[in-house]
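Here is the structure we will look at, set down as structure tokens.
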Amino acid sequence: MRRNSTDYQAIKGVGLFFIGLVYASVSSMWIWSSPLLGIAFYYIITHIESKKYYFNIGLIILYSIFVEIDRALIPFSFVLFIFIFHKVLFESFKKNIYCQNCLVPIYIVAGYMGYYLFNLFLSYIFDLQSPIFGINYLYYIITDIILVYIFL
């Protein structure tokens, strides 16, 4: 009897989602632990056009919303930023940069910096407290780049 491998992918995705929720909860207590939004951004940007990964992308979006609420950021701003980045900048990055290994850090840096600037813009529009850009963002970027090269 033949087994369906998509069931295993769904179980793996749900398992990683719950591990991510536990990690996000624990990481909110320690400021130097990365929220892994750069990895989420990289994964979504590189897999958004494949229908095979829609379930995993949905779980990552739920994770990002949880992280945004947990870290007092504007909810759904990560999803909006990904949509805007994909429609405006993704193709130009893909066409103009030929080094595929160079795209990983570029996407992660663009993800964190763009997300910060997008939150800054939204906080200005809605008259909210501005997010603070500190040295921890640099640490998050470096950590996410290393983790992507190790695990993906």
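Using just its DSSP H runs of length 4 or more, each adding -39500 (n - 2.57), the chain gives a mean residue ellipticity at 222 nm of -24500 deg cm²/dmol after division by all residues. Note on the chain: with charges restricted to the Cβ of Lys and Arg (+1) and Asp and Glu (-1), its dipole about the Cα centre is near 560 debye. With the dipole of the chain worked out from charges on the C-beta (+1 for Lys and Arg, -1 for Asp and Glu) around the Cα centre, which of Gly13, Leu89, Leu128 lies farthest toward the positive end? The residue sitting farthest along the positive end of the dipole is Gly13. Taking all Cα pairs closer than 8 Å and separated by 6 or more residues, the relative contact order of segment 1-82 comes to 32 percent. Sorted largest first, the principal axis extents computed over the alpha-carbon atoms of the chain equal 59, 39, 28 Å.
At a threshold of 8 angstrom on Cα-Cα distance, excluding pairs fewer than six apart, so keeping six or more, what relative contact order does the chain reach in percent?
Numbers: 111 pairs, mean separation 46.8, N = 152.
Relative contact order of the chain: 31 percent.
Values in this text are rule-based calculations from the coordinates and carry no lab data. All values reported here derive from a predicted model rather than from experimental measurement. Note that each Cβ is placed from the backbone with ideal geometry, even for glycine, and that neighbours are counted across all protein chains shown.
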